[in-house]
Structures are given as structure tokens and as C-alpha cells.
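Presented below is the structure to which this report refers.
The values are calculated or read from the model by the stated rules, or taken from the named source; none is laboratory data. Here the structure is a predicted model, which means the values were calculated and not measured. Methodologically, a virtual Cβ is constructed for each residue, glycine included, from the backbone with ideal geometry; neighbour enumeration extends over all protein chains shown. Keep in mind that these areas ignore ligands, DNA and RNA; they rest on the heavy atoms of the full protein, side chains included. Shrake-Rupley method; radii C 1.70, N 1.55, O 1.52, S 1.80 Å.
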Amino acid sequence: MDHYQLDTLAVRTGIHRSQFAEHSEAMYLTSSFVFDNAQQAADAFQKGIEGRNVYSRFTNPTVTAFEERLAALEGAECCVATASGMSAILAITMALFKAGDHVVISQGVFGSTVQLFTNFFEKFGMQVSFVPPTDPSAWEAALRPETKMFFVETPSNPLTEVSDIGALAAIAHRAGVVLIVDNCFCSPALQRPLDLGADIVIHSATKYLDGQGRVLGGAVLGKRSLVHGPMLQFMRNAGPSMSPFNAWVCLKGMETLGIRMEAHSARALELATWLEQHPRVARVFYPGLASHPQHALAMRQQKSGGGVVSFEVKGGREAAWRVIDATKLMSITGNLGDTKTTITHPATTTHGRIPQATRDAAGVTEGLIRVAVGLEAVVDLKADLARGLDG
Ligand SMILES: *Cc1c(COP(=O)(O)O)cnc(C)c1O
């Protein structure tokens, strides 16, 4: 299948028809699998038989189909699905790293990712340093003999800062460090971090892979030698596994990933261009705009700007909340990657539990609003924002 384009792979990979010759992918809702005899069961449990399902905490055919399809889209040798994006980060960290290891992580990562590293990984003896996402020299300067992991999200949430994946990979590999990229904002339709030198990609399938805001899911992708054994052992013993139902929903979601990402990006660019002209808007953050500080890098690394636009309104929290409360169409919710446009005030929601100092360092100000542009008509989205901006 390797020679096919992404849109074709998204529709055609991971299909294993059952004896019923179904056209659409089957959903295997079963917790365990049966054996013909005691010897077969003993072999499967003790040696593990390739391709043989035992229990859905380790493998399940619908989950395997999801993994094969996502691996094809990311150009990865191996994919292991998880219950959520957060459990993907938890699982790969538990699988590959240990107490005493040092992690260098971007200041511009998802709120819960910051919490996971500082509240939990540090509690179990890892050391964590936060650095600016856009300055590779800061990553190099943060290296210590114990550094084992670089973790970055690009474009970042909510400021859409773009990190140079190739530059970070070069620094990481000179130091024997594993570079992990959270590719949630772009999805493989717009950016393939493994091609740019990353070692591991993590996903929140909850976002664009599902694409319609229905289920939670996650995944870890990379070289088979790095991901397969360690991840399966962790999944088998710790169990943050993806449900076959959720795998099926995301599997079907991925079929339209390419055309959805194009449509999200086109709408987001139009909205960002309009916001940039608005007198009540102090600044717009969108990689597709020429005014974005890493616009050139973004256009080299990504196919387009993606669906997330952030902007700072003049007048701080009061003005930002006024814009949010005046919307009638957009959903006030933290999710993104949905057909429905969502609007959030990061400083008091997704980034609300982060200490003020860390939040300020990341640039998440009180006037900042994040819009994850869905698939509604842009003219209606503009009118929805104009109500609060103009009023
Ligand atoms: C949502 C999100 C996550 C966490 O994913 P869940 O599926 O909600 O656990 C991680 N990284 C980014 C960039 C996200 O947007």
C-alpha cells in the first residue's frame, strides 16, 4: 500500500474482512478471544503468538485496524493505540524512561501535559525543564548528561508557535535523546514529524482523527524497535487501552481526514485574516498568516496552517469574556478538531491550573481567545465573533 497517497491510505488501509465479506470495517466488541484447546491457550499466554488476539487490553482487531491506518498516514513502522492522548504520553514515558532521567519540554504544550510532567513524572523522580518552543539553542543549552527526552507540540496550544522539528531532532540525536512530537494540531494530513526526524509521534485521536467530537483516543507511533515491545508490555500490564468502539469511530473518522483538514485550514485562514484587520483585536496567532513569526518555517514543515486560530482582544479578561459570551453559534468548550467551531479562554480554562508565572512565560494572557475552527460557513463564524467585538 506504501505507494498510495494519504487520502487513499486513509480510506483503504487496515481492512481485514471477516468471513461475512462486509464492505465497511467490522467492530469487534469483545473483551477476550477463545482458543481451540488448552495447548493453544497456553502458547498464546506464555509465548504470545503474532497476530493472535488474547484479550482486548493487549490487542483487538478493530484497534489493530485503527493502528494500521494511522501508522500508514504517519509513515510509521509501528502504532500502539491508547485510551486518550494523555494516556499516550503517560504510556510512552513509563515504557521508555525511568527515575533520574531528565526531560526537556516545550513551554507551549497542552495544559494537562504540563500537569502530567510536573505533578506526576517529577513525583516519580524524573527531572523536567521547560524551554521556549521556538529557540532550538535553548533546547541544546538545557541538555544534561541525564537528558533522555525532548517533548514538543507544534503548532503549540493555544499560541500556535511553530517549532523546527528537524533542528530539534538534530540536537536530540547528537546527544542520544529521543524526540517526541505531539502531532495533534496538524494531524498527518498536514505534517509528518517522523519524516522530519522525530523518533516518536503521539496523538490525541480525540481531536482531528475522530473529527466530530465523539470519543476519546490516543496513539504512540514510531520505529518498531522503539515502540512495539516497550509499549505492548506497558499496555498489557497497565491497561490504558483504546476501546474497540472508539477505535472504530476514529477509523471511520480518518477516512475524511485529508479533506477535513484542508477545509478547516481554509476557513481558519479566512477568519484569521479578517480578525487581523479588526480594530479591537491586538494580535492574531495563526501559522498561515504572513505576520506569524514562524510563518516561513510553518509553510515548509506543514501543508497548511491548520484549524486553530488564537487572538488577543484589547481589554484583557473582561473584553475576552464579552466576546465569548456574545457568541450564539460557537460552542464554549475546550475540545478542538470538531466539525463544530469551539471557543475558549485558555487563561481560565485549559491553562487555568498552571501557575501564573508558567502561564505568562508561555504567553497565555488574559485577553487571549482560542478558536478551533470547525466546518461551518466562515461568514456565519465572522458574524458570531463580530457581535462581541463590535458591541
Ligand atoms: C487534547 C490534547 C491532548 C490530550 O488528549 P486527550 O485525548 O484529551 O487525552 C494532548 N495534546 C494536545 C495537543 C491536545 O490538544
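Here is how the numbers come out for the structure above:
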read-out: Of all residues making up the range 13-47, the number that are surrounded by 13 or more Cβ atoms within 10 Å (Cβ to Cβ) and in contact with a helix residue (DSSP H, G or I) (Cβ under 9 Å, 6 or more places away or on another chain); value: 10
read-out: Strands (runs of 3 or more DSSP E) contained in the range 94-166 and holding at least 3 residues of a type in the set (Val, Ile, Thr); value: 102-106
read-out: From Ala175, Ala167, Ala219, Ala198, residue being more than 14 Å from the ligand (Cβ to nearest atom) and crowded, with 23+ Cβ neighbours inside 10 Å; value: Ala198
read-out: Every pair of residues 6+ apart whose Cβ atoms lie under 6 Å, when the first sits in the range 220-236 and is under 14 Å from Leu90 (Cα atoms) while the second is among the aliphatic types (A, V, I, L, M) and open to solvent by 40 Å² or more (accessible area, probe 1.4 Å); value: Pro230/Leu96; Phe234/Met94
read-out: Unique match (being outside any helix (DSSP H, G or I) and not charged (D, E, K, R)) among Val80, Val63; value: Val80
read-out: Filter result (open to solvent by 10 Å² or more (accessible area, probe 1.4 Å), part of a loop (DSSP other than H, G, I, E, B) and within 16 Å of the ligand (Cβ to nearest atom)) within the range 306-339; value: Thr333, Gly334, Asn335, Asp338
read-out: Number of the exception - Val109 against (1) of a type in the set (A, V, I, L, M, F, W, C); (2) closer than 28 Å to Val371 by Cα; (3) surrounded by fewer than 20 Cβ atoms within 10 Å (Cβ to Cβ); value: (3)
read-out: Index of the failed condition, Pro132 passing every other in (1) modelled with pLDDT of 95 or more; (2) more than 14 Å from the ligand (Cβ to nearest atom); value: (1)
read-out: Exclusive hit being farther than 21 Å from Arg300 by Cβ and touching a strand residue (DSSP E or B) at 6+ places or on another chain (Cβ under 8 Å), set Ala198, Ala205; value: Ala205
read-out: Out of Ser241, Ser225, sole residue that is more than 14 Å from Asn335 (Cβ to Cβ) and not in a helix (DSSP H, G or I); value: Ser241
read-out: Lone qualifier among Pro293, Pro287 - being outside any helix (DSSP H, G or I) and either small (Gly, Ala, Ser) or within 16 Å of the ligand (Cβ to nearest atom) (or both); value: Pro287
read-out: Meets criteria (within 16 Å of the ligand (Cβ to nearest atom), polar (S, T, N, Q) and either under 27 Å from the mean Cα position of the chain (by Cα) or within 30 Å of Phe124 (Cα to Cα) (or both)) for Thr82; value: yes
read-out: From Ala65, Ala88, residue being away from the ligand (no atom under 12 Å from the Cβ) and either at pLDDT 95 or above or open to solvent by 30 Å² or more (accessible area, probe 1.4 Å) (or both); value: Ala65
read-out: Residue selected from the range 369-389 under the condition over 11 Å from Val309 (Cβ atoms) and either small (Gly, Ala, Ser) or within 25 Å of the chain's Cα centre (by Cα) (or both), by the criterion surrounded by the most Cβ atoms within 10 Å (Cβ to Cβ); value: Gly374
